[in-house]
Amino acid sequence: MNRRFGTGLTIAAAVVAVAPMTARQSVALKDLMPRGMAIGVAINQRQSDGVDTVAADIITKQFNQITPENLLKFQSVHPAADRYVFEAQDRYVQFGVDRKMLIVGHTLVWHQQTTTWVFQGADGTPADRETLLARMRDHIHTVVGRYKGKIHGWDVVNEAIDEDGSLRKTPWRDGIGDDYVAKAFEFAREADPGAELYYNDYNLEKPAKRAGVVRLVKDLLARGLRVDGIGNQAHWRLETPTIDEIEQALAELNSTGLKVMYTELDINLLPQAARGADPSVANPYATGLPDEKQQQLAKRYADIFGVVVKHRDRVSRVTFWGLSDADSWLNRGRMNYPLLWDRQRQPKPAFEAVADVLKRASAGVR
Ligand code: XIL
(Lines give C-alpha, C1' and ligand atoms only; values in the text may rest on other atoms or scores of the structure.)
Protein backbone atom coordinates (compact mmCIF):
# COMPACT_ATOMS: atom_id res chain seq x y z
CA MET A 1 0.00 0.00 0.00
CA ASN A 2 1.16 3.47 -0.79
CA ARG A 3 1.60 5.06 2.60
CA ARG A 4 1.90 8.59 1.33
CA PHE A 5 -1.74 9.42 0.80
CA GLY A 6 -2.07 6.95 -2.12
CA THR A 7 -5.85 6.70 -1.82
CA GLY A 8 -8.65 9.04 -0.96
CA LEU A 9 -9.35 6.92 2.07
CA THR A 10 -5.87 7.45 3.47
CA ILE A 11 -6.10 11.21 2.99
CA ALA A 12 -9.38 11.27 4.86
CA ALA A 13 -7.92 9.17 7.66
CA ALA A 14 -4.88 11.40 7.90
CA VAL A 15 -6.97 14.54 8.11
CA VAL A 16 -9.13 13.04 10.83
CA ALA A 17 -6.06 11.93 12.75
CA VAL A 18 -4.27 15.28 12.54
CA ALA A 19 -7.15 17.72 12.97
CA PRO A 20 -7.83 17.17 16.67
CA MET A 21 -4.13 17.48 17.49
CA THR A 22 -3.93 20.84 15.76
CA ALA A 23 -7.05 21.96 17.56
CA ARG A 24 -5.61 20.92 20.89
CA GLN A 25 -2.44 22.82 20.30
CA SER A 26 -4.42 26.00 19.78
CA VAL A 27 -4.39 26.14 23.57
CA ALA A 28 -1.26 27.78 24.99
CA LEU A 29 0.02 26.63 28.38
CA LYS A 30 1.37 30.10 29.11
CA ASP A 31 -2.15 31.54 28.96
CA LEU A 32 -3.47 28.98 31.40
CA MET A 33 -0.90 29.17 34.19
CA PRO A 34 -1.81 30.67 37.55
CA ARG A 35 -1.19 34.40 37.49
CA GLY A 36 2.47 35.28 37.99
CA MET A 37 3.73 31.73 37.53
CA ALA A 38 6.05 31.19 34.58
CA ILE A 39 6.01 28.11 32.36
CA GLY A 40 9.16 27.27 30.50
CA VAL A 41 11.28 24.78 28.65
CA ALA A 42 14.95 23.96 28.31
CA ILE A 43 15.94 24.64 24.73
CA ASN A 44 18.80 23.16 22.73
CA GLN A 45 21.06 24.89 20.27
CA ARG A 46 19.15 23.81 17.17
CA GLN A 47 16.15 25.53 18.67
CA SER A 48 17.84 28.75 19.80
CA ASP A 49 19.69 28.94 16.47
CA GLY A 50 16.33 28.79 14.71
CA VAL A 51 17.37 25.67 12.76
CA ASP A 52 14.62 23.55 14.31
CA THR A 53 11.82 25.89 13.30
CA VAL A 54 9.00 23.47 14.12
CA ALA A 55 10.18 23.30 17.72
CA ALA A 56 10.89 27.04 17.87
CA ASP A 57 7.32 27.77 16.78
CA ILE A 58 5.83 25.56 19.49
CA ILE A 59 8.14 27.07 22.11
CA THR A 60 7.14 30.58 21.04
CA LYS A 61 3.49 29.77 21.25
CA GLN A 62 3.42 27.73 24.45
CA PHE A 63 6.05 29.09 26.84
CA ASN A 64 7.09 32.37 28.43
CA GLN A 65 10.41 31.22 29.91
CA ILE A 66 13.50 29.46 28.55
CA THR A 67 16.55 27.74 30.05
CA PRO A 68 19.58 26.77 27.94
CA GLU A 69 19.95 22.99 28.02
CA ASN A 70 23.75 23.16 27.63
CA LEU A 71 24.96 26.46 26.14
CA LEU A 72 25.70 28.35 29.35
CA LYS A 73 27.42 25.53 31.19
CA PHE A 74 31.06 26.23 32.03
CA GLN A 75 32.57 24.01 29.34
CA SER A 76 30.36 25.47 26.61
CA VAL A 77 30.91 29.14 27.34
CA HIS A 78 34.44 29.03 28.78
CA PRO A 79 36.26 26.07 27.23
CA ALA A 80 39.80 27.31 27.90
CA ALA A 81 41.36 29.67 30.44
CA ASP A 82 41.72 32.53 27.99
CA ARG A 83 38.76 31.72 25.76
CA TYR A 84 35.09 32.50 26.15
CA VAL A 85 32.65 31.69 23.33
CA PHE A 86 29.46 33.67 23.06
CA GLU A 87 28.08 33.34 19.54
CA ALA A 88 25.43 30.68 20.12
CA GLN A 89 24.96 31.94 23.67
CA ASP A 90 24.08 35.40 22.37
CA ARG A 91 21.56 33.81 19.99
CA TYR A 92 19.99 31.94 22.93
CA VAL A 93 19.53 35.18 24.85
CA GLN A 94 18.26 36.99 21.76
CA PHE A 95 15.71 34.20 21.20
CA GLY A 96 14.22 35.05 24.57
CA VAL A 97 14.51 38.83 24.18
CA ASP A 98 12.73 38.71 20.81
CA ARG A 99 9.84 36.83 22.36
CA LYS A 100 9.78 38.78 25.62
CA MET A 101 10.41 35.59 27.58
CA LEU A 102 11.93 35.21 31.04
CA ILE A 103 15.47 34.10 30.28
CA VAL A 104 17.22 31.84 32.77
CA GLY A 105 20.96 31.16 32.93
CA HIS A 106 22.07 27.62 33.74
CA THR A 107 24.53 27.13 35.40
CA LEU A 108 27.56 28.92 36.86
CA VAL A 109 29.14 26.49 39.33
CA TRP A 110 28.73 22.75 38.97
CA HIS A 111 30.98 19.70 39.17
CA GLN A 112 29.86 18.48 35.75
CA GLN A 113 30.39 19.90 32.26
CA THR A 114 33.28 21.95 33.57
CA THR A 115 36.56 21.48 31.71
CA THR A 116 39.44 20.06 33.74
CA TRP A 117 41.68 23.09 33.11
CA VAL A 118 39.62 24.98 35.67
CA PHE A 119 40.85 22.81 38.51
CA GLN A 120 44.48 22.46 37.46
CA GLY A 121 47.41 24.40 38.91
CA ALA A 122 50.51 25.42 36.98
CA ASP A 123 52.53 22.26 37.48
CA GLY A 124 49.79 19.64 37.20
CA THR A 125 48.88 19.86 40.89
CA PRO A 126 45.32 20.84 41.81
CA ALA A 127 44.71 24.58 41.69
CA ASP A 128 44.81 26.29 45.09
CA ARG A 129 42.03 28.30 46.74
CA GLU A 130 43.14 31.70 45.47
CA THR A 131 43.51 30.49 41.89
CA LEU A 132 40.13 28.80 41.91
CA LEU A 133 38.39 31.79 43.48
CA ALA A 134 39.96 34.08 40.88
CA ARG A 135 38.77 31.77 38.09
CA MET A 136 35.29 31.48 39.54
CA ARG A 137 35.04 35.24 39.95
CA ASP A 138 36.30 35.92 36.42
CA HIS A 139 33.89 33.36 34.96
CA ILE A 140 30.87 34.67 36.84
CA HIS A 141 31.66 38.33 36.22
CA THR A 142 32.26 37.75 32.52
CA VAL A 143 29.25 35.57 31.80
CA VAL A 144 26.70 37.14 34.13
CA GLY A 145 28.02 40.62 33.29
CA ARG A 146 27.59 40.08 29.57
CA TYR A 147 23.87 39.36 29.96
CA LYS A 148 23.20 41.85 32.74
CA GLY A 149 19.66 43.13 32.48
CA LYS A 150 18.74 40.40 29.96
CA ILE A 151 19.08 37.17 31.90
CA HIS A 152 16.38 37.30 34.56
CA GLY A 153 17.78 34.70 36.93
CA TRP A 154 20.74 32.33 37.29
CA ASP A 155 21.17 28.83 38.62
CA VAL A 156 24.27 29.94 40.52
CA VAL A 157 25.22 26.61 42.04
CA ASN A 158 23.96 23.26 40.81
CA GLU A 159 23.87 19.97 42.73
CA ALA A 160 26.15 20.85 45.65
CA ILE A 161 24.47 18.53 48.15
CA ASP A 162 25.07 14.79 48.40
CA GLU A 163 22.39 12.16 49.01
CA ASP A 164 23.12 12.11 52.77
CA GLY A 165 22.71 15.88 53.04
CA SER A 166 26.38 16.70 53.33
CA LEU A 167 28.19 19.05 51.00
CA ARG A 168 29.15 17.01 47.94
CA LYS A 169 32.83 16.36 47.37
CA THR A 170 33.66 18.22 44.17
CA PRO A 171 36.81 19.82 42.73
CA TRP A 172 35.35 23.24 43.57
CA ARG A 173 34.96 22.30 47.22
CA ASP A 174 38.28 20.47 47.37
CA GLY A 175 40.10 23.53 46.09
CA ILE A 176 38.22 26.37 47.74
CA GLY A 177 36.64 24.89 50.85
CA ASP A 178 33.04 24.73 52.06
CA ASP A 179 32.43 28.43 51.43
CA TYR A 180 32.70 27.97 47.65
CA VAL A 181 28.90 28.03 47.40
CA ALA A 182 28.68 31.32 49.29
CA LYS A 183 31.46 32.78 47.13
CA ALA A 184 29.58 31.88 43.96
CA PHE A 185 26.47 33.71 45.20
CA GLU A 186 28.60 36.68 46.27
CA PHE A 187 30.24 36.97 42.83
CA ALA A 188 26.92 36.57 41.03
CA ARG A 189 25.33 39.41 42.98
CA GLU A 190 28.32 41.65 42.26
CA ALA A 191 28.10 40.83 38.56
CA ASP A 192 24.39 41.64 38.21
CA PRO A 193 22.70 43.02 41.31
CA GLY A 194 19.37 42.92 39.48
CA ALA A 195 19.38 39.23 38.59
CA GLU A 196 17.57 36.61 40.62
CA LEU A 197 19.87 33.94 42.03
CA TYR A 198 18.91 30.32 42.57
CA TYR A 199 20.22 27.14 44.13
CA ASN A 200 19.28 24.11 42.01
CA ASP A 201 19.32 20.39 42.86
CA TYR A 202 17.58 17.01 42.40
CA ASN A 203 16.20 14.23 44.61
CA LEU A 204 14.73 16.82 46.95
CA GLU A 205 11.90 14.47 47.87
CA LYS A 206 14.50 12.42 49.77
CA PRO A 207 14.43 13.77 53.36
CA ALA A 208 18.17 13.58 54.11
CA LYS A 209 19.18 15.35 50.93
CA ARG A 210 16.43 17.94 51.27
CA ALA A 211 17.53 18.69 54.85
CA GLY A 212 21.01 19.39 53.50
CA VAL A 213 19.63 21.78 50.90
CA VAL A 214 17.51 23.59 53.48
CA ARG A 215 20.58 23.94 55.73
CA LEU A 216 22.68 25.25 52.87
CA VAL A 217 20.12 27.80 51.75
CA LYS A 218 19.50 29.00 55.31
CA ASP A 219 23.25 29.41 55.75
CA LEU A 220 23.49 31.49 52.57
CA LEU A 221 20.62 33.70 53.72
CA ALA A 222 22.16 34.03 57.21
CA ARG A 223 25.34 35.30 55.55
CA GLY A 224 23.26 38.08 54.04
CA LEU A 225 23.58 36.74 50.50
CA ARG A 226 20.92 37.13 47.86
CA VAL A 227 19.02 33.89 47.14
CA ASP A 228 15.71 34.21 45.31
CA GLY A 229 14.56 30.67 44.93
CA ILE A 230 15.23 26.97 45.20
CA GLY A 231 15.20 25.00 41.99
CA ASN A 232 13.84 21.49 42.37
CA GLN A 233 14.92 19.76 39.17
CA ALA A 234 11.95 17.37 39.24
CA HIS A 235 13.49 14.56 37.21
CA TRP A 236 10.79 12.18 38.31
CA ARG A 237 9.26 8.79 37.42
CA LEU A 238 5.72 7.51 37.06
CA GLU A 239 5.35 6.21 40.60
CA THR A 240 8.11 8.04 42.43
CA PRO A 241 8.23 10.36 44.20
CA THR A 242 4.62 10.18 45.39
CA ILE A 243 2.41 13.27 45.29
CA ASP A 244 2.53 13.34 49.11
CA GLU A 245 6.31 13.37 49.01
CA ILE A 246 6.29 16.16 46.43
CA GLU A 247 3.99 18.26 48.63
CA GLN A 248 6.05 17.53 51.73
CA ALA A 249 9.23 18.57 49.92
CA LEU A 250 7.59 21.77 48.72
CA ALA A 251 6.47 22.71 52.23
CA GLU A 252 9.91 22.08 53.72
CA LEU A 253 11.75 23.93 50.99
CA ASN A 254 9.33 26.83 51.45
CA SER A 255 10.25 26.86 55.16
CA THR A 256 13.39 28.76 54.11
CA GLY A 257 11.07 31.61 53.14
CA LEU A 258 11.82 31.06 49.45
CA LYS A 259 9.61 30.01 46.60
CA VAL A 260 10.33 26.81 44.74
CA MET A 261 10.71 26.39 41.00
CA TYR A 262 10.40 23.05 39.23
CA THR A 263 13.32 23.62 36.91
CA GLU A 264 13.89 20.43 34.89
CA LEU A 265 10.62 18.55 34.91
CA ASP A 266 10.41 15.26 33.01
CA ILE A 267 9.02 11.78 33.71
CA ASN A 268 11.35 8.90 33.00
CA LEU A 269 9.32 5.88 31.83
CA LEU A 270 12.25 3.48 31.43
CA PRO A 271 13.54 1.04 34.01
CA GLN A 272 16.92 1.61 35.60
CA ALA A 273 18.64 -1.07 33.58
CA ALA A 274 22.14 -2.36 34.08
CA ARG A 275 24.61 -2.08 31.22
CA GLY A 276 24.25 -5.03 28.86
CA ALA A 277 20.74 -5.82 30.13
CA ASP A 278 18.36 -7.67 27.82
CA PRO A 279 16.97 -5.01 25.42
CA SER A 280 13.39 -6.17 25.97
CA VAL A 281 13.87 -5.24 29.63
CA ALA A 282 16.07 -2.18 29.21
CA ASN A 283 14.24 -0.70 26.23
CA PRO A 284 10.66 -1.97 26.51
CA TYR A 285 9.00 0.71 24.32
CA ALA A 286 11.39 0.57 21.39
CA THR A 287 8.52 0.38 18.91
CA GLY A 288 6.03 2.63 20.67
CA LEU A 289 4.42 3.46 23.97
CA PRO A 290 1.44 1.26 24.92
CA ASP A 291 -1.75 3.22 25.38
CA GLU A 292 -1.94 2.21 29.01
CA LYS A 293 1.43 3.85 29.71
CA GLN A 294 0.42 6.90 27.70
CA GLN A 295 -2.60 7.32 29.96
CA GLN A 296 -0.53 6.77 33.09
CA LEU A 297 1.84 9.49 31.96
CA ALA A 298 -1.08 11.86 31.36
CA LYS A 299 -2.43 11.12 34.84
CA ARG A 300 0.99 11.64 36.39
CA TYR A 301 1.34 15.05 34.77
CA ALA A 302 -2.20 15.98 35.80
CA ASP A 303 -1.35 15.08 39.40
CA ILE A 304 1.85 17.11 39.31
CA PHE A 305 0.09 20.17 37.93
CA GLY A 306 -2.58 19.60 40.55
CA VAL A 307 0.14 20.24 43.15
CA VAL A 308 1.33 23.28 41.24
CA VAL A 309 -2.08 24.96 41.11
CA LYS A 310 -2.93 23.99 44.67
CA HIS A 311 0.28 25.65 45.90
CA ARG A 312 0.28 28.50 43.41
CA ASP A 313 1.58 30.93 46.03
CA ARG A 314 4.60 28.77 46.78
CA VAL A 315 5.76 27.88 43.29
CA SER A 316 7.16 30.55 40.99
CA ARG A 317 7.78 28.54 37.82
CA VAL A 318 7.62 25.17 36.07
CA THR A 319 10.19 24.35 33.39
CA PHE A 320 10.24 21.17 31.29
CA TRP A 321 13.64 19.66 30.49
CA GLY A 322 13.15 19.62 26.75
CA LEU A 323 10.26 20.20 24.39
CA SER A 324 9.51 16.85 22.78
CA ASP A 325 10.40 13.22 23.39
CA ALA A 326 12.84 13.49 20.48
CA ASP A 327 14.74 16.23 22.32
CA SER A 328 15.00 14.56 25.73
CA TRP A 329 18.30 13.74 27.38
CA LEU A 330 16.59 10.64 28.83
CA ASN A 331 16.71 8.63 25.59
CA ARG A 332 20.45 7.86 25.62
CA GLY A 333 20.17 5.19 22.96
CA ARG A 334 16.77 3.97 24.20
CA MET A 335 13.25 5.16 23.44
CA ASN A 336 11.86 7.28 26.25
CA TYR A 337 8.65 9.31 26.38
CA PRO A 338 9.11 11.83 29.19
CA LEU A 339 7.62 15.07 27.84
CA LEU A 340 4.37 16.62 26.56
CA TRP A 341 5.13 16.49 22.81
CA ASP A 342 5.89 13.32 20.90
CA ARG A 343 8.63 12.66 18.37
CA GLN A 344 6.48 14.04 15.57
CA ARG A 345 6.07 17.19 17.65
CA GLN A 346 2.42 16.47 18.27
CA PRO A 347 0.98 17.18 21.71
CA LYS A 348 0.44 13.98 23.70
CA PRO A 349 -2.48 13.12 25.97
CA ALA A 350 -0.23 14.42 28.78
CA PHE A 351 -0.35 17.87 27.18
CA GLU A 352 -4.12 17.80 27.18
CA ALA A 353 -4.19 16.56 30.76
CA VAL A 354 -1.99 19.46 31.90
CA ALA A 355 -4.06 21.99 29.93
CA ASP A 356 -7.25 20.59 31.50
CA VAL A 357 -5.95 20.89 35.05
CA LEU A 358 -4.83 24.47 34.39
CA LYS A 359 -8.12 25.39 32.73
CA ARG A 360 -10.18 24.00 35.57
CA ALA A 361 -8.03 25.82 38.15
CA SER A 362 -8.24 29.15 36.35
CA ALA A 363 -12.01 28.81 35.87
CA GLY A 364 -12.36 28.29 39.60
CA VAL A 365 -10.24 31.17 40.76
CA ARG A 366 -10.23 33.96 38.22
C1 XIL B 1 21.85 17.48 30.75
C2 XIL B 1 21.54 17.80 29.29
O3 XIL B 1 20.15 17.66 29.08
C4 XIL B 1 22.30 16.87 28.36
O5 XIL B 1 22.14 17.27 27.01
C6 XIL B 1 23.79 16.87 28.73
O7 XIL B 1 24.46 15.91 27.94
C8 XIL B 1 23.98 16.56 30.20
O9 XIL B 1 23.24 17.49 30.98
N10 XIL B 1 20.74 18.17 35.70
C11 XIL B 1 21.04 19.40 35.16
C12 XIL B 1 21.09 19.56 33.68
O13 XIL B 1 21.16 20.39 35.90
O14 XIL B 1 22.03 20.52 33.29
C15 XIL B 1 21.37 18.25 32.98
O16 XIL B 1 21.26 18.46 31.57
C17 XIL B 1 20.40 17.19 33.46
C18 XIL B 1 20.59 16.95 34.94
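The values are calculated or read from the model by the stated rules, or taken from the named source; none is laboratory data. Keep in mind the model is a prediction, meaning the values are calculated, not measured. With ideal geometry, Cβ positions are generated from the backbone for all residues, glycine too; neighbour counts draw on all protein chains shown. The accessibility values were calculated without ligands, DNA or RNA, using every heavy atom of the protein model including side chains. Shrake-Rupley method; radii C 1.70, N 1.55, O 1.52, S 1.80 Å.
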Paramagnetic reach from residue 273 in segment 310-345 [backbone N under 17 Å; point 7 Å along Cα→Cβ]: 329-338
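Based on the Cα gyration tensor of the chain, what are the three equivalent ellipsoid semi-axes, each the root of five times an eigenvalue, rounded to whole Å and given largest first?
36, 23, 21
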Fluctuation leader among 193, 279, 241 - the chain, Gaussian network, Cα springs under 10 angstrom: 279
Size of charge dipole - segment 147-297 - debye, nearest 20, with Cβ of Lys, Arg +1 and Asp, Glu -1, no other charges: 460 debye
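Treating only the Cβ atoms of Lys and Arg (+1) and Asp and Glu (-1) as charged, compute the dipole magnitude of segment 191-255 about its Cα centre; round to the nearest 20 debye. Each step should come with its number before you reach the end.
Numbers: 8 positive and 11 negative charges, 64 e Å.
Roughly 300 debye, rounded to the nearest 20.
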Integer Hz, Karplus 6.51/-1.76/1.60 couplings in order for segment 115-127, x for Gly and Pro: 5, 5, 4, 4, 9, 9, x, 4, 9, x, 7, x, 5
Cα gyration tensor category, rounded, prolate or oblate, for segment 154-289 with a/c compared to 1.5: prolate
Span from the segment 169-228 Cα centroid across to the segment 327-366 one, whole angstrom: 31 Å
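Can you compute the FRET efficiency between residue 326 and residue 61 using 1/(1 + (r/R0)^6), with r the Cβ-Cβ distance and R0 = 22 Å? Round to the nearest 0.05. Intermediate values should be presented prior to the final figure.
Values: r = 18 Å, r/R0 = 0.81.
Here the calculated transfer efficiency is 0.80.
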Probe 1.4 Å, accessible area per residue of the chain, Å²: 45 Å²
Projected label distance in nm at residue 356 and residue 122, using a 7 Å step from Cα toward the beta-carbon: 6.7 nm
Global form of segment 214-366, assessed from the alpha-carbon gyration tensor, a/c cut-off 1.5: oblate
Mean residue ellipticity (222 nm) of the chain, computed from DSSP H runs ≥ 4 via -39,500 (n - 2.57), nearest 500: -13000 deg cm²/dmol
Taking the chain and dividing mean pair separation by its residue count, relative contact order in percent (alpha carbons under 8 Å, at least six apart): 16 percent
Dimensions in Å of segment 91-139 - Rg and Dmax from alpha carbons: 15.6, 48
Sites residue 54 and residue 174 - FRET efficiency at Förster radius 45 Å, r taken between beta-carbons, to 0.05: 0.50
Helix 207-222 vs. the chain, principal-axis angle (Cα, 0 to 90°, nearest 10): 50 degrees
Vicinal HN-Hα couplings computed from phi for segment 321-330 (Karplus, 6.51 cos²θ - 1.76 cosθ + 1.60; Hz; Gly/Pro x): 8, x, 7, 10, 4, 5, 8, 6, 5, 7
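Applying 1/(1 + (r/R0)^6) with R0 = 30 Å to the Cβ-Cβ distance of residue 98 and residue 138, what FRET efficiency is obtained, to the nearest 0.05?
Working: r = 30 Å, r/R0 = 0.98.
Once the sixth-power term is evaluated, E becomes 0.55.
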Formal net charge of residues neighbouring residue 269 (Cβ-Cβ distance under 14 Å; K, R +1; D, E -1): +2
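For the chain, with all protein chains present and a 1.4 Å probe, just round the carbon and sulfur fraction of the accessible area to a whole percent. Could the numbers behind the result be given before it?
Details: 8440 of 16340 Å².
Answer for the chain: carbon and sulfur cover 52 percent of the accessible area.
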Nearest-20 debye value, segment 289-366 charge dipole, Cβ charges on Lys, Arg, Asp, Glu: 260 debye
Label-to-label distance, nm, for residues given as residue 286 and residue 81 (7 Å Cα→Cβ offset): 4.8 nm
Distance histogram for segment 124-214 (every C-alpha pair counted, 10 angstrom bins, percent rounded to whole numbers): 17, 42, 32, 9
Per principal axis, descending, Cα span of segment 113-163 in whole Å: 39, 31, 18
